[in-house]
Amino acid sequence: MRIELERRPEVSRLYSILSPFIALALTIFFGGIMFLLLGKDPVSALYSFFIEPLMEVWSLHELAIKAAPLILIAVGLSVCYRSNNWNIGAEGQFIMGAIAGSILPVVFYEWHSPLVLPLMMLLGMLGGALFAGIPAFLKAHLNTNEILSSLMLVYVAQLFLDWLVRGPWRNPGGMNFPETRTFDPITILPEMITSGRAHWGFGFAIIAAVLIWFMMRYTLKGFEITVLGQSERAGRFAGFSSRKMIWFSMLLSGALAGLAGIAEVSGAIQQLRPVISPGYGFTAIIVAFLGRLNPLGIVVAGLVLALTYLGGEAVQVSLQISDKPIKVFQGMLLFFVLSCDTLIHYKIRMMWFDLSDKPVGEVR
Amino acid sequence: MKKLVFALAATAAVLGFSVQASAQEKAKICFVYVGSKTDGGWTQAHDIGRQELEKALADKIETQFLENVPEGPDAERAIERLARSGCGLIFTTSFGFMDATVKIAAKFPDVKFEHATGYKTAPNLATYNSRFYEGRYIQGQIAAKISQKGVAGYIASFPIPEVVMGINSFVTGARTVNPDFKIKVVWANTWFDPGKEADAAKALIDQGVDVLTQHTDTTAPMQVAAERGIKAFGQASDMIKAGPETQLTAIVDTWGAYYIKRTQAFIDGKWETTSSWDGLKDGILTMAPYTNMPDDVKAMAEATQKKIEAGELKPFTGPLKKQDGSDWLKDGEVAEDGVLLGMNFYVEGVDDKLPQ
């Protein structure tokens, strides 16, 4: 027996819209069974997971904080992936953006000016873009595989940050602990509204998503990205340069990842530490595909993924269980969403009797 | 399709109705863990403490925990969630939770907080720590007796005062037995990484150390020591199972006593902020049974332990010199806690350059 995925001749609009809901229903069903098997009330588990985090103002703020870097990075990545450039190193660009932006509050901490914060954000974007420029250069001029080079550079960035906070940038008043001095209030990204601690990082994410959506849909650049991504040859006939596109998409996604990095550090952590990201750059890859590489879809996907983190904690607290079943549940959600999406484009064909690769005589 | 829509609607309705609000009389005591509660080391020791607390005061309290909480903004959210869910007293059990705990404590003045191993307090935020170095002093003495070569290997995590203090205490103890005793240090730059820790252990043994101690949390170094046939000390938990013929003793974190003491004070309304730094005598750390050593060494270790418990012996008592040979403590002078908590220099006998 063999299972094959066969591309559907046309994609059903109805199911494109319904697929996330079907996935959600499947997750609720199978997740419910899991909670039942654990001896927990599935209804209250599902309530804590999906509804409770949305019922309180503070929790909505936390949702925005968690979603902001994911959306910001994923929006940039969507441009890359649409144009067939596989930037896997957003985590490193995030870190380098955070480092570049932190030059002002850590090294020039005595400089107080309203200019500091905007400059930090710009430096963050610059840092991320320059770091993404390395794999871009290697691909554009040496035809190096950007998946490998961008991924490997993540470790470079992580170790560079580690060295900085243990070495030259260590807080002189920090008892030898590996962290920089805490940022001056003037260098901290302010809260968006006064009801909670969600900072402007989320605002940046929404603005970036809308701008990129507009670019992809209504501008020639967006068309160029799509054409080059689908067929480089066709793009060349239209006079588009795939080399320039490598630079454009990598620098753009690097800049957005860098902005996410400095916004996270300035808005939420307020100092540099050896580890500043629980893998946002990698999770954002999931977010990008969860949002079907559409900037507005990515906003929703980022919020959903952030919800799974918050909901996971809420379930741990309300049901008194360990975080392992929660991880399984999060995994189920992603699995069902992505497989439902796959089945919009493909159908499964079971090859019950496959004569071709069996010796004659064994066919039953 | 209709069926699906109906199912979704039904689910939503059920979810909407199930707001659970069971009023409770018991005080809620909560814990935030940086690792998994079954990590076999640091977090597990805290969780055992939590279980002891639950057993001891079962009729008055219930406990709750969040595990694998990353340090940083996630910690802030996790602590806030617990504070909002009705926890009266919250223990945050990793140094990296310090600033998050400070922020949330300021936001919830009616909730009490206790942060492990930090140094920032507030009217509703206490800190607590354990004088692990007392155990390391005993280990140093044992090592100096056991070692043929007079060199011990030390697998260290991060060059923070806590760890430097442990190294210095170990050497100081060893030098009371063998004034020429030396230690070699390898910085693993991790608290929990079996691979790196095993590599560090192998490197140290290859450099000729014949007794091993660690300030990291896995049993990997113990296993390497067992394979290579040298002796070693366990860390955070009793690691005798990893080295039945190898472990001399282990510093076992026994937080339960502290958790019970503080929770009792909380229930009685007598909780006050402190910077608690308990030691062997308070039971916040205990020594695993002294094994795999001659009786006279065991007797010495037990005698030293008694003296420390009785307060007759303080590990950091002069005369002591710093690594560069300059004087640190005069004869009979005892190091102040403040100095220990910010310790960023080695004492004499450490064969390593402190990463600065």
ask   = Toward the positive end of the charge dipole of the protein assembly as shown, about the Cα centre and with charges on Cβ (Lys, Arg +1; Asp, Glu -1), which of A:LEU46, A:SER12, A:MET121 goes farthest?
value = A:SER12
Over segment B:26-130, volume per residue of the alpha carbon convex hull, in Å³ = 89 Å³
inquiry  = Please compare each pair in B:LYS231/B:LYS306; B:LYS182/B:LYS314; B:LYS196/B:LYS322; A:LYS221/A:LYS347; A:LYS40/B:LYS55 to a cut-off of 25 Å on the Cα-Cα distance and tell me which ones are over it.
reply    = B:LYS196/B:LYS322; A:LYS221/A:LYS347
inquiry  = Tell me the net charge near B:GLN44. Cut-off is 10 Å between Cβ atoms, B:GLN44 excluded, with +1 for each Lys or Arg and -1 for each Asp or Glu.
reply    = -3
key: Evaluated over chain B, the Cα radius of gyration and Dmax, each in Å   = 22.9, 87
key: Inter-chain Cβ neighbour average for residues B:70-82, partner chain, 10 Å   = 6
key: With 10 Å bins from 0: P(r) over segment B:206-269, alpha-carbon pairs, percent   = 22, 38, 17, 14, 7, 1
message = Rounded to the nearest 20 debye, what is the charge dipole size of chain B about its Cα centre when +1 sits on each Lys and Arg Cβ and -1 on each Asp and Glu Cβ?
response = 740 debye
ask   = Along the principal axes of its C-alpha atoms, what lengths does segment A:1-66 span, in descending order and rounded to whole Å?
value = 47, 32, 20
query = With the dipole of segment A:189-247 worked out from charges on the C-beta (+1 for Lys and Arg, -1 for Asp and Glu) around the Cα centre, which of A:GLY201, A:PHE214, A:PHE240 lies farthest toward the positive end?
reply = A:PHE240
note = Given B:31-44, B:301-314, A:251-264, the highest-first ranking by average Cβ count within 10 Å works out to A:251-264, B:31-44, B:301-314
query = Antiparallel DSSP bridges in the protein assembly as shown: what percent, to the nearest 5?
reply = 30 percent
ask   = Against the longest alpha carbon principal axis of chain A, how many degrees, from 0 to 90 and to the nearest 10, is the axis of helix A:280-290 turned?
value = 40 degrees
query = Taking each residue of B:337-346 in turn, how many C-beta atoms of other protein chains fall within 10 Å of its C-beta, and what is the average?
reply = 1
task = Write down the percent of antiparallel bridges among all DSSP beta bridges whose residues are both part of chain B, to the nearest 5.
result = 15 percent
query = With N residues in the protein assembly as shown, what two-decimal value do you get for its Cα radius of gyration over 2.2 N^0.38 Å?
reply = 1.07
remark   = Taking chain A and counting helices only, DSSP H stretches of n ≥ 4 at -39,500 (n - 2.57) each over all residues, the nearest-500 ellipticity at 222 nm comes to -22500 deg cm²/dmol
query = After finding the eigenvalues of the alpha carbon gyration tensor for segment A:63-320, what semi-axes result from the square roots of 5 times each, listed largest first in whole Å?
reply = 31, 22, 17
task = Could you state the angle between the C-alpha long axis of helix B:73-84 and the longest principal axis of the C-alpha atoms of chain B, as a value from 0 to 90 degrees rounded to the nearest 10?
result = 60 degrees
0 to 90° range, to nearest 10: angle between helix A:116-142 axis and chain A longest Cα axis = 50 degrees
task = Could you work out the mean count of beta carbons from other protein chains within 10 Å of each residue's beta carbon in A:60-70?
result = 2
remark   = Rg (one decimal) and Dmax (whole number) from the Cα set of segment B:59-100, in Å, equal 10.7, 35
Residue order, fewest to most beta carbons within 10 Å, for A:LEU72, A:LEU36 = A:LEU36, A:LEU72
inquiry  = Which one, B:THR92, B:GLY208, B:ALA78, projects farthest toward the positive side of the charge dipole computed for chain B from Cβ point charges (K/R +1, D/E -1)?
reply    = B:ALA78
note = Of A:TRP163, A:TRP86, A:TRP247, the most mobile residue in a GNM of chain A (C-alpha springs, cutoff 10 Å) is A:TRP163
Neighbourhood charge, 10 Å Cβ-Cβ cut-off, centred on B:GLY229 and excluding it, Lys, Arg +1 and Asp, Glu -1 = -1
message = Calculate log10 I(q)/I(0) of segment A:217-362 for q = 0.09, 0.11, 0.14 Å⁻¹, where I(q) comes from the Debye formula with a single equal point scatterer on each Cα and nothing for solvent.
response = -0.51, -0.70, -0.95
message = I want the antiparallel fraction of DSSP beta bridges within segment B:26-130, as a percent rounded to 5.
response = 5 percent
message = Taking the beta-carbon count within 10 Å as an exposure proxy, list B:TYR133, A:TYR155, A:TYR309 from fewest neighbours to most.
response = A:TYR155, A:TYR309, B:TYR133
task = Which order do the peptides B:325-334, A:224-233 take when ranked by the mean count of other beta-carbon atoms within 10 Å per residue, highest first?
result = A:224-233, B:325-334
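Coordinate-derived values only; no laboratory data. Every value quoted in this text rests on a predicted model; they were computed, and no experiment measured them. A quick note on method: Cβ atoms are made from the backbone with ideal geometry, for glycine too, and the neighbour counts reach across all protein chains shown.
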